[in-house]
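There's a structure below that I have some questions on.
The values are calculated or read from the model by the stated rules, or taken from the named source; none is laboratory data. The structure presented is a predicted model; accordingly, all values stated were derived computationally and were not measured. Cβ placement follows ideal geometry from the backbone for every residue including glycine, while neighbour counts extend to all protein chains displayed.
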Amino acid sequence: MIKEQNSVHQTDISSASSSGTSNAKGIKLKKDWSSVRDVREGTEGTQVFGTRTLDKKDNVWNHNAWDNVEWDEEQEKSAQDKVRKQASNPMPLEEQEKYHREAAEFWNTFYRHNVNKFFKDRQWLGIEFPELIAATKLNAGPKKIFEIGCGAGNALFPLLTENENPELFIYACDFSSNAIDVVINNKNYDPKKCKAFIWDLTSTEIPEYIKPASLDLVVLIFVMSAIHPQDWNQVVKNVYKMLKPGGLVLFRDYGRYDMAQLRFKEGRMLSDNFYVRGDGTRVYFFTSEEIENLWGTKFIIEQNAIDRRLIVNRHRRLQMYRIWLQGKFRKVDNK
Ligand SMILES: C[S@@+](CC[C@H](N)C(=O)[O-])C[C@H]1O[C@@H](n2cnc3c(N)ncnc32)[C@H](O)[C@@H]1O
């Protein structure tokens, strides 16, 4: 594993939604419900069924994970102070340039070191995105899914394994050639059912393999955060162009003040809420409003949810506040 200044890199995302919890005897139970809460529903009376809520702070050590943990004012202020401190000492502009110019190369190095050992398979896909599982069902009919920024294929391969639909085809791309090599060399890679290729999501052209308005689902899992904010509009344009009218974007990414953001030391901030990790890869931390403003320009926002989780390491007496955002954006027409 690459040694990093900010050690939280992707271990944090592999735990998204799969962290499970444990029963009174400490036996690990597989989590089989979603903790996301749509920001448009407000906070009152929106308890998600099956979630584990921390009512008394003293109970925090009783379980490995708690859902929908609200922050008090003090905690919010402390997070703001940390980010203000990071912002008071950003990375000098002349140093930043190489992280933007060589973004794909830094991810290449990441996959050269980690191959497919870093991310866990996204076994929670079915909980958060049942639309994906529906497409794998025997009689689902012709379906085309495109996973963008697929990395080592941790979403692609669980879907291929699950698939019973003879008419499902999955495209997967990444701008890191090493990531695509890892995918193609996986023993479960089947060119009759999927196609992995190199493509940069910020390009002005859509991939040669994908016809305009041809896709049913586009999957973006912890990918937008790796993209420079000035390229986000191009991303939205590209995704819009490739989806069919009625097609859906499935989005999950880092939320503002997630533990991974607050851990950054000074000198790592590129611009507001955008950082470079110790291994040279970049990461942004979104708010729900930013998601709404960005995707709402061309899509109907069907879900814009926050997944706040307190992960507890009882052995090391650590409390880790995770914040992930999750969205579903529908293309309704062909503008
Ligand atoms: C944090 S990883 C997530 C990988 C995968 N989606 C997962 O959840 O396991 C971000 C991925 O996005 C890819 N990526 C970053 N910028 C990209 C771009 N402009 N075009 C395509 N892929 C990109 C990186 O190479 C990396 O594989």
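Do any residues in segment 123-136 that are over 21 Å from Asn304 (Cβ atoms) and in contact (Cβ under 8 Å) with a residue 24 or more places away in the chain have Cβ atoms under 6 Å from those of residues that are part of a helix (DSSP H, G or I) and of a type outside the set (Asp, Glu), where the two are at least six apart or on different chains, and which pairs are they?
Partner pairs satisfying both residue conditions: Ile133/Gly126.
Next question. Got a sec? Which of Val249, Val236 is β-branched (Val, Ile, Thr), within 22 Å of Arg282 (Cα to Cα) and within 16 Å of the ligand (Cβ to nearest atom)? Give the steps one after another, and end with the answer.
Values: Val249 fails: within 22 Å of Arg282 (Cα to Cα).
Only one candidate passes the filter, namely Val236.
Look through Asp200, Asp231, Asp216, Asp174 and report the one residue that is of a type outside the set (Val, Ile, Thr) and more than 19 Å from His100 (Cβ to Cβ). If you could, list the steps in order and put the result at the bottom.
On the way: Asp200 fails: more than 19 Å from His100 (Cβ to Cβ); Asp231 fails: more than 19 Å from His100 (Cβ to Cβ); Asp174 fails: more than 19 Å from His100 (Cβ to Cβ).
The conditions single out Asp216.
Give the residues of segment 276-300 that are buried (at least 19 other Cβ atoms within 10 Å of the Cβ) and outside any loop (DSSP other than H, G, I, E, B), sorted by residue number.
Val276, Arg282, Val283, Tyr284, Phe286, Ser288, Ile291, Leu294, Trp295
Right, something else. Quick check on segment 207-219. Is at least one of its residues within 16 Å of Asn154 (Cα to Cα), in contact (Cβ under 8 Å) with a residue 12 or more places away in the chain and not hydroxyl-bearing (Ser, Thr, Tyr)? Steps first, answer last, please.
Residues of segment 207-219 that are within 16 Å of Asn154 (Cα to Cα), as a first pass: 218-219.
Next cut, in contact (Cβ under 8 Å) with a residue 12 or more places away in the chain only: 218-219.
So of that shortlist, the ones also not hydroxyl-bearing (Ser, Thr, Tyr) come out as 218-219.
Yes; the residues of segment 207-219 include at least one that is within 16 Å of Asn154 (Cα to Cα), in contact (Cβ under 8 Å) with a residue 12 or more places away in the chain and not hydroxyl-bearing (Ser, Thr, Tyr).
Would you confirm, using the coordinates I've provided, whether Arg316 is assigned to a strand (DSSP E or B) and of a type in the set (D, E, K, R)?
Against the criterion (assigned to a strand (DSSP E or B) and of a type in the set (D, E, K, R)), Arg316 does not qualify.
Now for a separate question. Of all residues in segment 240-275, how many are in a strand (DSSP E or B) and either at pLDDT below 95 or of a type outside the set (Phe, Trp, Tyr) (or both)?
14
Would you confirm whether any residue within segment 253-268 is under 20 Å from Glu131 (Cα atoms) and surrounded by 21 or more Cβ atoms within 10 Å (Cβ to Cβ)?
Yes, segment 253-268 contains at least one residue that is under 20 Å from Glu131 (Cα atoms) and surrounded by 21 or more Cβ atoms within 10 Å (Cβ to Cβ).
With respect to the numbered conditions (1) assigned to a helix (DSSP H, G or I); (2) among the charged types (D, E, K, R); (3) closer than 19 Å to Leu160 by Cα, which one is the sole condition not fulfilled by Asp216?
(1)
In the set Lys192, Lys144, which member is more than 28 Å from Asn233 (Cβ to Cβ), away from the ligand (no atom under 16 Å from the Cβ) and not hydrophobic (A, V, I, L, M, F, W, C)? Walk me through how you get there before you give the answer.
On the way: Lys144 fails: more than 28 Å from Asn233 (Cβ to Cβ).
Only one candidate passes the filter, namely Lys192.
Can Leu310 be described as in a strand (DSSP E or B) and crowded, with 22+ Cβ neighbours inside 10 Å?
no
Are there any pairs, at least 6 apart or on different chains, whose C-beta atoms fall under 7 Å, with the first in segment 146-171 and within 17 Å of Val249 (Cα to Cα) and the second crowded, with 19+ Cβ neighbours inside 10 Å and of a type in the set (Asp, Glu), and if so, which?
Gly149/Asp174; Cys150/Asp174; Ala155/Glu147; Leu156/Glu147; Ile170/Glu147
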